[in-house]
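The values are calculated or read from the model by the stated rules, or taken from the named source; none is laboratory data. What you are looking at is a predicted structure, and each value in this text was computed from that prediction instead of being measured. Positions of Cβ are generated from backbone atoms using ideal geometry, with glycine treated the same way; all protein chains shown enter the neighbour counts. These accessible areas exclude ligands, DNA and RNA; they are computed on the full protein's heavy atoms, side chains included. Shrake-Rupley method; radii C 1.70, N 1.55, O 1.52, S 1.80 Å.
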Amino acid sequence: MSILLVAKNRNLAPFKEALLNADKNLDVEIWPNVEKPERVQLAVAWNQPKNVFDSYPNLKVISSLGAGADHLIEDSTIPDHIIFTKIYDPSMVTQMNDYVYASVLSILMKLENYRNSEHWDPAPKYSREDLTIGIMGLGNIGKETATYLSNQGFKVFGLSNSKKEIPEIETYTYNDLDPFLKQVNILVNLLPLTKETEGILDLALFKKLKNPSFIINVARGNHLIDEDLIYALDTNIIESAYLDVFNEEPLPSSHPFWSRDTLFITPHIAAISDPDNVASALIDNYKRLLSGMELQNVVDRSKGY
Ligand code: GLV
């Protein structure tokens, strides 16, 4: 039996190496040079091409290489009987906390004002009491980020599909989107990408936030309506935005985002899966699969996450 690694435009060699370091007896193949497709039972995929899984008669499970599984859900060429799983990697939680906190501190201290500035022009900082934070998406990562920011002395609100109880966090469900938004200055998007959440970050939503308003998008580019954000930045509805994810990645050089100095762009680096942690999560599920035990971190295909 073997594990197959599939990705377009991503070097999978470190993941194969980590799998073999953890267990040298594993049989691991990297697409597209697959010698024995009939041996593959578990595949691991990131932005896979359509129809790539057509020729694996014994494939049972496909794991995402990361925390999000939207690339699997969206791929209608994958048969319904295949189980999807995702990776829970604790190092991604730490990285995400760091990215969001760094962005929040940049906003709080108005570091944005001094970027490339030749002028000695001190501006009053915000205080923690001035800025509330709203986390959209309280999954494995979002709930931890909410708690982390609360522990740094911020008032934090949380929003999720089903009601979550998290100490110190005031939580809302999608039905209460408006009361949530109106209390939030800094909106952090950590939602899964589904039909319901696609395009959720639009002008109507931006207008409902508390002033001054800021956006941090670390989930998926398709959550955001790009032209609405540009309009909101240009008309001061939003003061500034921190974006790590984009509709098209790499963000094309012709994209107007590059020309806005109220936008901070990073190349999808907020939380990167660590090969050793991914390998141990995969091997755990692979053993469970081979021995007929319940899998960990299974994606609910009907919910989309
Ligand atoms: C990264 O974007 C992930 O889903 O892990």
Give the residues of segment 58-80 that are more than 30 Å from PHE154 (Cβ to Cβ) and part of a loop (DSSP other than H, G, I, E, B), sorted by residue number. ASN58, LEU59, LYS60, LEU65, GLU74, ASP75, SER76, THR77, ILE78, PRO79, ASP80
Every listed condition ((1) touching a residue at least 12 places away in the same chain (Cβ under 8 Å); (2) open to solvent by 10 Å² or more (accessible area, probe 1.4 Å)) holds for LYS287 save (1)
Identify, from the list PHE154, PHE246, the residue that is closer than 19 Å to MET109 by Cα, modelled with pLDDT of 95 or more and either open to solvent by 40 Å² or more (accessible area, probe 1.4 Å) or in a loop (DSSP other than H, G, I, E, B) (or both). PHE154
For LEU159: the one exception among (1) closer than 19 Å to ALA241 by Cα; (2) surrounded by 20 or more Cβ atoms within 10 Å (Cβ to Cβ): (1)
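Return the only residue of LEU205, LEU131 being under 26 Å from HIS71 (Cα atoms) and touching a residue at least 12 places away in the same chain (Cβ under 8 Å).
Numbers: LEU131 fails: under 26 Å from HIS71 (Cα atoms).
Answer to the check: LEU205.
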Of (1) among the hydroxyl-bearing types (Ser, Thr, Tyr); (2) modelled with pLDDT of 95 or more; (3) open to solvent by 10 Å² or more (accessible area, probe 1.4 Å), SER117 satisfies every one except (2)
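Quick one: which residue in LYS24, LYS16 is surrounded by 17 or more Cβ atoms within 10 Å (Cβ to Cβ), modelled with pLDDT of 95 or more, closer than 15 Å to ASP276 by Cα and basic (Lys, Arg)?
Working: LYS24 fails: surrounded by 17 or more Cβ atoms within 10 Å (Cβ to Cβ).
Exactly one residue qualifies, and that residue is LYS16.
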Do we find a residue being more than 25 Å from ASN185 (Cα to Cα), open to solvent by 60 Å² or more (accessible area, probe 1.4 Å), outside any helix (DSSP H, G or I) and polar (S, T, N, Q) anywhere in segment 81-102? no
Going residue by residue through segment 278-288, is there one that turns out to be within 13 Å of the ligand (Cβ to nearest atom) and assigned by TED's automatic domain parsing to the domain that holds ALA67? yes
If the requirement is being more than 16 Å from the chain's Cα centre (by Cα), under 19 Å from GLY221 (Cβ atoms), acidic (Asp, Glu) and outside the structural domain of VAL188 (by TED's automatic domain parsing), which of these qualifies: ASP70, ASP80, ASP75, ASP54? ASP75
Residues satisfying the stated conditions in segment 57-73, i.e. more than 14 Å from the ligand (Cβ to nearest atom) and open to solvent by 20 Å² or more (accessible area, probe 1.4 Å): PRO57, ASN58, LYS60
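For every residue, the table says whether it meets (1) surrounded by fewer than 19 Cβ atoms within 10 Å (Cβ to Cβ); (2) in contact with a strand residue (DSSP E or B) (Cβ under 6 Å, 6 or more places away or on another chain); (3) small (Gly, Ala, Ser); (4) assigned by TED's automatic domain parsing to the domain that holds ASP70.
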| site | (1), (2), (3), (4) |
| --- | --- |
| THR173 | yes, no, no, no |
| ASP178 | yes, no, no, no |
| LYS182 | yes, no, no, no |
| VAL188 | no, yes, no, no |
| GLU196 | yes, no, no, no |
| ASP202 | yes, no, no, no |
| SER213 | no, no, yes, no |
| ILE216 | no, yes, no, no |
| GLU227 | yes, no, no, no |
Lone qualifier among LEU20, LEU65 - being more than 23 Å from the chain's Cα centre (by Cα) and on the phi < 0 side of the Ramachandran plot: LEU20
State whether one or more residues within segment 258-269 are buried (at least 16 other Cβ atoms within 10 Å of the Cβ), touching a residue at least 40 places away in the same chain (Cβ under 8 Å) and either among the hydroxyl-bearing types (Ser, Thr, Tyr) or in a helix (DSSP H, G or I) (or both). yes
